[in-house]
Structures are given as C-alpha cells and as structure tokens.
1. Looking at (1) in contact (Cβ under 8 Å) with a residue 24 or more places away in the chain; (2) surrounded by 13 or more Cβ atoms within 10 Å (Cβ to Cβ); (3) out of contact with any Ser or Thr (no Cβ under 9 Å at 6 or more places or on another chain), which is the only condition Leu46 fails?
2. Restricting the range 36-80 to residues that are in a helix (DSSP H, G or I) and polar (S, T, N, Q), which is nearest to the chain's Cα centre (by Cα)?
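Any read-out appearing in this document is the output of simple, stated calculations on the displayed coordinates, not a laboratory observation. Remember, it's a predicted structure, so these values are computed and weren't measured experimentally. Cβ placement follows ideal geometry from the backbone for every residue including glycine, while neighbour counts extend to all protein chains displayed.
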Amino acid sequence: MTVNLALSIAADPTDAELVVLARDSDRAAFSELHDRTARMVHAVLLSRVSATDADDLVQDVFLTALSRLQSLNDPAKFGPWLLQIARNRATDVHRRPRLVELPEEMPSRARPSVEAAQVLGHIRALPEAYRETLLDAPRRGHDRTRDRREDGPDARLGAREPPPRDEAPA
C-alpha cells in the first residue's frame with residue numbers, strides 16, 4: 001500500500017499530498033506548492049498593497065506558511081489557508097508605522113518655542129496617518145470653526161441659525 005501511495009504522489013500529487021510531504025521536511029514538495037500558488041498569493045497581495053510591498057510579502061507569506069505548516073488542520077485547505085496568511089500580512093503592512101521625514105527646522109523666521117518643539121516631537125512619534133493629518137491641515141487652510149459650522153450636526157439636519165431676537169421671523 002505504501003508503494004501505491006508513493007506512486008500516486010510521484011505521478012501528479014495534489015496540494016494536500018504535497019502538504020503532507022512538506023510537513024515531513026520534503027523541500028521539493030514545498031517548492032512545488034510555492035510554484036503552484038505564488039502567482040495567486042501575489043495577486044491577492046497586489047489587490048491590497050503596493051507592487052513593491054507585494055513582491056516582498058510573497059516571500060514572507062511562504063516563510064510564515066512553512067513555519068506554521070504543522071498547524072494546518074486539513075491539508076486539502078492549503079490554498080485558502082495560505083491566502084488568509086497573505087491577507088493578514090497585507091493588513092499588517094497597513095498597520096505598521098511608516099517613517100515620514102519631517103523638517104528639522106521649522107519654516108518660520110522666528111525660533112520655535114520650547115512648547116512648539118515638544119509638540120513637533122510628539123507629532124513625529126505618531127503613526128503616519130495621524131502625522132499626515134496634523135501636518136497637512138495648516139497647508140489646506142483647515143479651519144475647525146468653519147468645519148463645525150458647515151459640517152456639524154445642524155448642517156446635516158438643514159437647521160438654520162435663529163433670527164436675531166429683535167426681528168420677527170418672516
């Protein structure tokens with residue numbers, strides 16, 4: 001019976017058969033799994049991250065899969081399991097903080113106060129999304145008072161300011 005199993009695996013093995021062999025440290029079996037699924041993993045990653053990140057993450061996904069192969073309960077579900085690893089790694093890329101170069105010197109003529117320098121230091125320590133929001137606001141002419149008036153809860157309801165007290169409503 002062992003001979004028949006070996007012959008069927010050698011002829012055209014399924015992914016599940018390759019997973020079983022790869023769990024037993026068969027590098028050729030894992031290499032075949034890689035060859036069969038790398039393009040699919042790359043496509044999933046491309047749908048979620050940049051091309052450069054996707055290229056790097058493909059290798060990372062397969063290294064993770066190799067290290068966790070023993071935890072796969074059903075070898076027949078290797079494809080979906082691998083794609084979930086890829087989706088998780090793509091999500092991790094979006095979560096990781098990215099370094100953004102901030103100017104050492106502030107663009108004003110006056111030397112910043114100690115308090116302003118401390119605030120800038122705290123902003124530099126924030127995750128990229130928060131830094132961008134805070135640092136882009138002054139350039140966009142962001143006015144929180146105006147935003148509250150135009151986009152506040154009253155604006156959504158179509159509410160108007162009440163008329164001055166000395167005038168009667170029309």
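1. For Leu46, the exception is condition (1).
2. Thr52
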